[in-house]
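Laboratory data are not the source of any read-out in this text; all were calculated from the coordinates shown. As the structure is a prediction and not an experimental result, all values here were calculated from the model. Here the Cβ positions follow ideal geometry from the backbone for every residue, glycine too, while neighbour counts run over all protein chains shown.
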Amino acid sequence: MRHFLSLCDCSADEIDALLRRAAELKAIQRRGELHQPLTGRVLGMIFEKASTRTRVSFESGMAQLGGHAIFLAPEHAQLGRGEPIEDTARVLSRMVDAVMIRTFAHAGLERFAAYASVPVINGLSDYNHPCQLLADLQTFIEHRGPISGRRVAWIGDGNNMCTSWIEAAGLLDFELQIATPPGYRPPEAVLEQGRGRVTLFDTPREAAAGADLVTTDVWASMGQEEEQAQREAAFTGFCVDATVMAAAAPDALFMHCLPAHRGEEVSAEVFEGPQSVVWDEAENRLHAQKALLEWLLVGAADG
């Protein structure tokens, strides 16, 4: 029984196998073939943070694989009324085959997993976002081939997405160049997971230099709304625009985990431009997570 709370819960070979399987499942769906290895299986989905892509991709993915997903919001569950995380984990483990949690506090996610007897999936926490990284890696491979030895630029906040890119760089052996404003860099303990593959810069153009992929995220995530004005001031000059993309490799891709604020972290010109693969990236949440669910529940993607 395995959990997926971080990319580091997998080996590089296992991630490679998951991504290859995601591509196969995408091809199966495109051909209109039925593939239902999870018939009779149930995924419990706990959402403490709202979502479009996470909910729809997991719910659709379970349906396409022959299973079923149950949506639980805090206001509809005892967890939101003070039931201990440990109790909820032990009860749900007796009723569902896996649990996906999208939450604010990573520590709570780890506590849930410690008491669960079924696989637990991190659908997003304040620390990292590994399911999004699977989709991002799948998208890069589709367009440019293996990411090993390539150069990725992260522009913006040293947030949960940045953490997962750092984890990926350490595991998959690519160069990650990060540009953040002062005070918004990733913690040193997180940077150490990059295993010497991460370089910090002060400006977006420096980080984007020669990059095969430029990626970013919103400046203020859910739960940081009160910091919006402060962050807008701090992140002035950190918009991924045509000038930033011009510093990257000529065939560089642009990614964004969505939702995007055009005119803030990315210009409309770049977001809607020919280098942008954000819609493929969003779709691949479905396929990558189907591969993950299949692997955790029936072991089909063992590397």
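Quick look at the numbers
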| read-out | value |
| --- | --- |
| In degrees, nearest ten, helix 278-298 long axis to first principal axis of the chain (Cα) | 40 degrees |
| Karplus 3J(HN,Hα) series, Hz, for the range 48-54 with 6.51 cos²θ - 1.76 cosθ + 1.60 (x for Gly, Pro) | 8, 10, 5, 6, 9, 5, 5 |
| In sequence order, calculated HN-Hα J values of the range 150-160 (Karplus, 6.51, -1.76, 1.60; Hz; x Gly/Pro) | 8, 10, 10, 10, 9, 10, x, 6, x, 9, 5 |
| Prolate/oblate/rounded call for the range 109-247, Cα gyration tensor, a/c under 1.5 rounded | oblate |
| Angle between the chain longest axis and helix 130-144 axis [Cα atoms, degrees, rounded to 10] | 60 degrees |
| Theoretical ellipticity at 222 nm over the chain - DSSP helices of four or more residues, -39500 (n - 2.57) apiece, nearest 500 | -12500 deg cm²/dmol |
| Cut-off under 5 Å, modelled amide H: who pairs with VAL277 long-range | PHE254 |
| The chain shape via C-alpha gyration tensor axes, a/c threshold 1.5 | prolate |
| Vicinal HN-Hα couplings computed from phi for the range 15-26 (Karplus, 6.51 cos²θ - 1.76 cosθ + 1.60; Hz; Gly/Pro x) | 4, 4, 5, 4, 5, 5, 5, 4, 5, 5, 5, 5 |
| FRET E, pair ALA229, ALA27, Förster distance 51 Å, beta-carbon r, rounded to 0.05 | 0.65 |
| For peptides 168-174, 244-250, sequence by mean Cβ density within 10 Å, most packed first | 168-174, 244-250 |
| Estimated inter-spin distance, THR199 and VAL298, nm [label 7 Å along Cα→Cβ] | 4.5 nm |
| Among beta bridges that DSSP assigns inside the chain, antiparallel share in %, nearest 5 | 0 percent |
| Residues whose placed amide H lies under 5 Å from that of PHE201, excluding near-sequence neighbours | ILE178, ALA179, THR180 |
